[in-house]
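The structure appears right after this line, and notes come after that.
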Amino acid sequence: MKRVAVETRVDFHFCGGDTVSIITTGPEEIIQMVANQSDGWLQYDDIVINVRNISYIKVRTVD
């Protein structure tokens, strides 16, 4: 059986109302990286996010 990679959208919602979205096939990896940040910065591909200002994270499949 062939596994199909499902694209998932990870939305980072910030205190000031801004949103940054990342489309990935590994949302668990991104959530784990955010949880393990000690200095508050997450770099994913060409995006750098200050995770200290995140209000919440929303994960959903891409339609």
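Relative to the Cα centre, what is the charge dipole magnitude of the chain, using +1 at the beta carbon of each Lys and Arg, -1 at the beta carbon of each Asp and Glu, and rounding to the nearest 20 debye? If you can, show how the numbers build up before the last one.
On the way: 6 positive and 9 negative charges, 49 e Å.
It works out to roughly 240 debye.
Over the chain, with every protein chain in place, what whole percent of the accessible area is carbon and sulfur at 1.4 Å, could you tell me? Mind dumping the intermediate values first?
Working: 2230 of 4770 Å².
Summing carbon and sulfur atoms, their accessible area is 47 percent of the total for the chain.
If R₀ is 22 angstrom, what is the calculated FRET efficiency for the pair Val4 and Ile57, using the beta carbon separation as r and rounding to 0.05?
Plugging the Cβ-Cβ distance into 1/(1 + (r/R0)^6) gives 0.35.
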Label of the coordinate-derived value, Cα extents along the principal axes in Å, listed as [x] 42, 23, 19; [y] 58, 45, 26; [z] 89, 15, 6: [x]
GluC sites (Glu not before Pro) within the chain: DSSP coil, no more than 12 neighbouring Cβ in 10 Å: Glu7
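The values are calculated or read from the model by the stated rules, or taken from the named source; none is laboratory data. Since we're looking at a predicted model, the values are computed, not measured. Note: ideal-geometry Cβ built from the backbone for every residue, glycine included; neighbour counts use all protein chains shown. Ligands, DNA and RNA are stripped out before the accessible areas are found, and what is left, the full protein with its side chains, is counted by its heavy atoms. Shrake-Rupley method; radii C 1.70, N 1.55, O 1.52, S 1.80 Å.
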